[in-house]
Amino acid sequence: ERTLSIIKPDAVKSGYVKSINSMIKNSGLKIIKKKNLTLTKEQAAQFYSIHSDKPFFNELCIFMTSGPIIVQILEGENAVDLYRKIMGATNPSDAEENTIRKEFATSIQENAVHGSDSKENAIKEINFFFKE
Ligand code: IDP
Ligand code: MG
């Protein structure tokens, strides 16, 4: 099974990429593809289009385009749910100990990482960044 991981601009800027990837590898997931890029406003709006009605949508797009991100495909047994588990809750103040967001997120918006929330969305999100 595969899932899409994004290390968001806050975590890249703070130099947390290596530490986050160590937590990913320690969980048993393999990083099978990696891309460094900066999202355009259009890409951010399209990627997060499911949230376009939310009050935080505009700010979320501004944040996600504020600097480089690392987009990775993770592979392993139960990859979607396993990665959601090691990421921790969306709001870092609700995240459990030893999760990526507990360790590295600063707010509900600047929360260090993205992970697909279902197998179906994982396929869509992987295709969004790795069409080839
Ligand atoms: P998830 O990333 O844990 O799946 P979603 O609800 O899908 O959380 O929200 C997508 C992203 O939007 C979050 O990771 C976070 O960056 C941002 N976000 C979610 N809820 C809020 C909020 O209430 N205020 C500001 N930003 C939010
Ligand atoms: Mg989500």
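The values are calculated or read from the model by the stated rules, or taken from the named source; none is laboratory data. What you are looking at is a predicted structure, and each value in this text was computed from that prediction instead of being measured. Here the Cβ positions follow ideal geometry from the backbone for every residue, glycine too, while neighbour counts run over all protein chains shown. Heavy atoms of the whole protein, side chains included, go into the accessibility calculation; ligands, DNA and RNA do not. Shrake-Rupley method; radii C 1.70, N 1.55, O 1.52, S 1.80 Å.
Whole angstrom only: what separates the Cα centroid of the stretch 6-59 from the Cα centroid of the stretch 102-132?
6
Among the listed pairs K25/K119; K13/K119; K30/K119, which have their C-alpha atoms separated by more than 22 angstrom in this model? All intermediate terms of the calculation are to be shown ahead of the outcome.
Details: K25/K119 20 Å; K13/K119 29 Å; K30/K119 17 Å.
Pairs exceeding 22 Å: K13/K119.
About the Cα centre, and with charges only on the beta carbon of Lys, Arg (+1) and Asp, Glu (-1), how big is the dipole of the chain? Nearest 20 debye, please.
Values: 18 positive and 17 negative charges, 97 e Å.
Its charge dipole is roughly 460 debye.
Which residue, G115, M23, A95, has the largest displacement toward the positive end of the dipole of the chain when charges sit on each Cβ (Lys, Arg +1; Asp, Glu -1)?
Projecting each Cα onto the dipole axis, the largest value belongs to M23.
List residues of the stretch 8-35, by number, whose backbone nitrogen lies under 16 Å from a label position 7 Å along Cα→C-beta of E96.
In the stretch 8-35, the label zone of E96 (backbone N under 16 Å from the point 7 Å along Cα→Cβ) covers 24, 27-28.
Could you list the trypsin sites (Lys or Arg not before Pro) in the stretch 43-132 that lie in coil according to DSSP, counting only those with at most 13 other Cβ atoms within 10 Å of their Cβ? Spell out each step's value before the answer.
Numbers: sites: R84, K85, R101, K102, K119, K124, K131; in loops: K131.
Here the sparse-neighbourhood loop sites are K131.
If you count only protein heavy atoms with a 1.4 Å probe, what accessible area per residue comes out for the chain, rounded to a whole Å²?
Details: 7350 Å² over 132 residues.
I get 56 Å² per residue for the chain.
Tell me the mean residue ellipticity at 222 nm calculated for the chain from its helices only (DSSP H runs of n ≥ 4, each -39500 (n - 2.57), averaged over every residue, nearest 500). Mind dumping the intermediate values first?
Values: 7 runs with 55 residues, N = 132.
The helix contribution divided over the chain gives -11000 deg cm²/dmol.
How high is the relative contact order of the chain, in percent, counting Cα pairs under 8 Å that sit 6 or more residues apart? Spell out each step's value before the answer.
Values: 225 pairs, mean separation 50.1, N = 132.
Over the chain, the number comes to 38 percent.
For the stretch 44-102, which GluC sites (Glu not before Pro) are in a loop by DSSP, counting at most 14 other Cβ atoms within 10 Å?
On the way: sites: E59, E75, E77, E96, E97; in loops: E77, E96, E97.
Of the GluC sites (Glu not before Pro), the ones in loops of the stretch 44-102 whose Cβ has at most 14 other Cβ atoms within 10 Å are E77, E96, E97.
For the stretch 1-98, count the residues as N, evaluate 2.2 N^0.38 Å, and divide the Cα radius of gyration by that value, please. Walk me through the numbers before you get to the answer.
Working: Rg = 13.8 Å, N = 98, 2.2 N^0.38 = 12.6 Å.
Cα Rg divided by the expected 2.2 N^0.38 Å: 1.10.
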